[in-house]
Amino acid sequence: MREAASQGEPEALDGIGDRLREERVKAGLSQRELARRLGLSASLISQLESGQSRPSVGTLYSIVTELGVSLDSVIRGSDGATPTVDGNVRVDRSPVAHPGDRLSIDLDSGVRWEELAADHEEDVDFLLAIYEVGGASTPDRSLMRHHGREYGYVVSGTLGIQIGFQEYELEVGDSIAFDSTTPHRLFNKGDVPVHAVWFVLGRGSDGHAHG
């Protein structure tokens, strides 16, 4: 897997455990209770919050959905807030996201996300998703689901997508759109890394979400 420092990109994972812990405490949940709700072990939640383990795509989505926070805010932290002056939005940064400035996060199971939006996007996850050889959104062929609708476009490699009982194979130039509430799994089906531009729109419409 690529190291963020070698690309000059800021690595968001360093503080993500602290932010997940902060949001869990705000929600009034113990590690054990959050683990129970998600069907995970309390030790895994502890390891994720301490930075000893990396979450998979499916685990991270499950946690932020249960805690009612946006993925953007967890990745960006306080940087995700839109600055204001006297209640009015203040534009104080470029809308352009250069490769060396994008926040990135290396997840478990050989997946890397790079945020493509220069600033906070409400209810939109806009990402460059990179699946290393053998990488997958969830391990052991388990499926994930969450609110929203996903849109993807494959730039390189071969991406396999299981949606319900159907499996699809996307080559370079192929695109897809599907309802995220349908159980799904994304995985690298080839022998080179997959690069794909990915949108998730409306994940915040989840019943728990308020971020």
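The values are calculated or read from the model by the stated rules, or taken from the named source; none is laboratory data. Not measured: the values here are computed from a predicted model. For neighbour counting, all protein chains shown are included, and Cβ atoms are generated from backbone atoms with ideal geometry for every residue, glycine included.
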- [ ] Go through the residues of the stretch 116-139 one by one and say whether even a single one is surrounded by 20 or more Cβ atoms within 10 Å (Cβ to Cβ), hydroxyl-bearing (Ser, Thr, Tyr) and either in contact with a His (Cβ under 7 Å, 6 or more places away or on another chain) or modelled with pLDDT of 95 or more (or both).
- [x] yes
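Looking at the stretch 162-203, which of its residues are in a loop (DSSP other than H, G, I, E, B) and free of Cβ contacts under 8 Å to residues at least 12 places away in the same chain? Can you show your working first?
At the first step, the residues of the stretch 162-203 found to be in a loop (DSSP other than H, G, I, E, B) are 164-165, 171-174, 180-183, 189-193, 202.
Once the filter is applied, which keeps residues that are in a loop (DSSP other than H, G, I, E, B) and free of Cβ contacts under 8 Å to residues at least 12 places away in the same chain, the stretch 162-203 yields only Phe165.
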Task: the stretch 39-53 residues that are closer than 17 Å to Glu23 by Cβ, paired with ones that are among the polar types (S, T, N, Q) and in a helix (DSSP H, G or I) (beta carbon under 9 Å, 6 or more apart) - done: Leu40/Thr59; Leu40/Ser62; Ala42/Gln31; Leu44/Thr59; Ile45/Gln31; Ser46/Gln31; Leu48/Thr59; Glu49/Gln31
- [ ] Give the residue that is modelled with the highest pLDDT, with candidates limited to residues of the stretch 4-39 that are within 18 Å of Gln52 (Cβ to Cβ) and exposed (fewer than 15 other Cβ atoms within 10 Å of the Cβ).
- [x] Arg32
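Given the criteria surrounded by 18 or more Cβ atoms within 10 Å (Cβ to Cβ) and closer than 24 Å to Arg54 by Cβ, does Val200 qualify? Reasoning before the result, please.
Numbers: surrounded by 18 or more Cβ atoms within 10 Å (Cβ to Cβ): yes; closer than 24 Å to Arg54 by Cβ: yes.
So Val200 passes the test.
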